[in-house]
Amino acid sequence: MSVYDILEERGYIEQNTHETELREVLEKKNISFYIGFDPTADSLHVGHFVQVMVMMHMQKAGHRPIALLGGGTGMVGDPSGRSDLRQVMTTATIDQNCENFKNQLSRFIDFSEGKAICVNNADWLRDLKYIDFLREVGSQFSVNRMLTAECFKSRMEHGLSFLEFNYMLMQSYDFLELYRRYDCQLQLGGNDQWSNILGGVDLVRRLDQGQAFGMTFKLLATSEGTKMGKTAKGALWIDEEKTTPYEFYHYWRNIADADVENCLALLTFLPMDEVHRLGALQDSKINEAKEILAFEITKLIHGEEKAKKAEEAERALFSKNGAVGEVPSVEMSEADFKDGMNILDVYIKVGLISSKGDGRRLIQQNGIKIKGTAITDFNYMITLDDFEDGKLLLQKGKKAFKQIMIQG
RNA sequence: GGGGAGGUUCCCGAGCGGCCAAAGGGGGCAGACUGUAAAUCUGCUGUCUACGACUUCGAUGGUUCGAAUCCAUCUCUCCCCA
């Protein structure tokens, strides 16, 4: 079974520039391909992870991944799928983000012995000569055509700066550069990158008469079409400092039934017959599938040990016997509770609520529980008597927990 | 460069001198129901030392007993013309 078939079967593929040719090339030889990551944040998130999964599949099949960090394109900002102007970032931030991306990517992709390459387009984009660039690359693009591209449509109403308009050329030029430097023949990306990818494919074909291909993948979305991997705090980050393994696990444990199969296929390496079997489970049985999904993804990203801990914590909390496992915990000192501490202050301190007003509302709605019983008094004081073995489990609603550990 | 329209709470979007912490929707949170899901229904959704006080309607100054609402300057965005 070829990689193409695998990618197709698992539901990654959305669009394709030259399907039959590409299929053939992928089967007959090992090629270099690239995926670009613009350093828009200090960590990758699950959205990126779909791309990373594809890279892993491709690498397994013997193709050489090129991870392209957008140190240059990040300075321009991709307007695709954006309704507003991107925040312009400083060069220092961009470089730092690139560094983080690189470290994270190397956990999934094997960069040893030239099995994969990591490059930064800052290396060639930042020193471009404007006139030269316009003459070589700019002349190949038709503004009329560009304007009809889907990615600019939404911006036609809200406004699009010339800076961002150039993004497509930059990305296209990347492909050309990688084609020339590393014989890179294929660009992959999320479906929002379709027009940018097409631009590159065309450019390589026109200027170098090269055989270049493009392919896009489904964006991670729920069955209802909304973006996936969003939490109240923002994205689901790969960096465990930004999204703890527990939070991460919890997210997948809680997804909608309809999304289980899709996520298993895209975000785990489980064999497809297993994926189908799990996805077909009905009613409460699908919880089994959700547990597996959550465990597998967490394992991929944070390692088996942390995934197990997260799983134990989750099980313990919801199995009603009150056993406390590896819940996110906060350390506080004994002195804090000597004279008692107001419940609202405690909840703010551990980060379960954002303000006292928020806490008061929750209390009125029976949303705050300690030791399994709802608190009804705003003035409830938490004292050392509430602790057992130096631990106290705080609960907010049904699903949010935090544990306080007394130290010292 | 000229002309016009705008910037409202997490988002969209009403309000256009006091009745405005600001309609409505979305999102979020909680409760009921359930399978820890979805859908549905209900409540909440600026902060606090809380029947009151304080901070918010692009920014800064001003007019007024009183401003999100009026005036001036600034700033940003969009549209039309060149």
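The values are calculated or read from the model by the stated rules, or taken from the named source; none is laboratory data. Bear in mind that the values here come from a model prediction, so they are computed numbers and not experimental data. So basically every Cβ, Gly included, is an ideal-geometry build from the backbone, and we count neighbours across all protein chains shown. For accessibility, only protein heavy atoms count, side chains too; no ligands or nucleic acids. Shrake-Rupley method; radii C 1.70, N 1.55, O 1.52, S 1.80 Å.
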Please go through region A:245-280 and pick out each residue that is surrounded by fewer than 16 Cβ atoms within 10 Å (Cβ to Cβ) and under 30 Å from A:S329 (Cβ atoms). A:N254, A:A256
Across (1) charged (D, E, K, R); (2) more than 30 Å from A:E240 (Cα to Cα); (3) exposed (fewer than 12 other Cβ atoms within 10 Å of the Cβ), A:R155 clears everything bar (3)
Provide a single number: the residues in region A:112-147 that are surrounded by 12 or more Cβ atoms within 10 Å (Cβ to Cβ) and not charged (D, E, K, R). 18
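Here's the yes/no breakdown for (1) in contact with a strand residue (DSSP E or B) (Cβ under 9 Å, 6 or more places away or on another chain); (2) of a type in the set (S, T, Y); (3) surrounded by fewer than 14 Cβ atoms within 10 Å (Cβ to Cβ):
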position	(1), (2), (3)
A:K309	no, no, no
A:E312	no, no, no
A:M341	yes, no, no
A:L352	yes, no, no
A:I370	yes, no, no
A:D377	no, no, yes
A:I406	yes, no, no
Scanning for something part of a helix (DSSP H, G or I) and away from RNA strand B (no atom under 16 Å from the Cβ), does region A:161-168 turn up at least one residue? yes
Considering each of A:F378, A:F337 in turn, give the residue that is assigned to a loop (DSSP other than H, G, I, E, B) and farther than 25 Å from A:E241 by Cα. A:F378
For region A:375-408 the number of residues that are within 16 Å of RNA strand B (Cβ to nearest atom) and within 22 Å of A:N254 (Cβ to Cβ) is 10
Extreme residue, most open to solvent (accessible area, probe 1.4 Å), among residues of region A:354-368 that are touching a residue at least 24 places away in the same chain (Cβ under 8 Å) and not small (G, A, S): A:L362
Scanning region A:16-65 residue by residue, those loosely packed, with under 15 Cβ neighbours inside 10 Å and over 30 Å from A:E241 (Cα atoms) turn out to be A:E19, A:T20, A:E21, A:E24, A:E27, A:K28, A:K29, A:N30, A:G62
Failed condition for A:D127, given (1) closer than 30 Å to A:V46 by Cβ; (2) not in a helix (DSSP H, G or I): (1)
Unique residue being within 19 Å of the chain's Cα centre (by Cα), farther than 26 Å from A:F165 by Cα and not in a loop (DSSP other than H, G, I, E, B) when the list is A:V50, A:V25: A:V50
Based on what the data block shows, is A:E334 surrounded by fewer than 17 Cβ atoms within 10 Å (Cβ to Cβ) and out of contact with any Asp or Glu (no Cβ under 8 Å at 6 or more places or on another chain)? yes
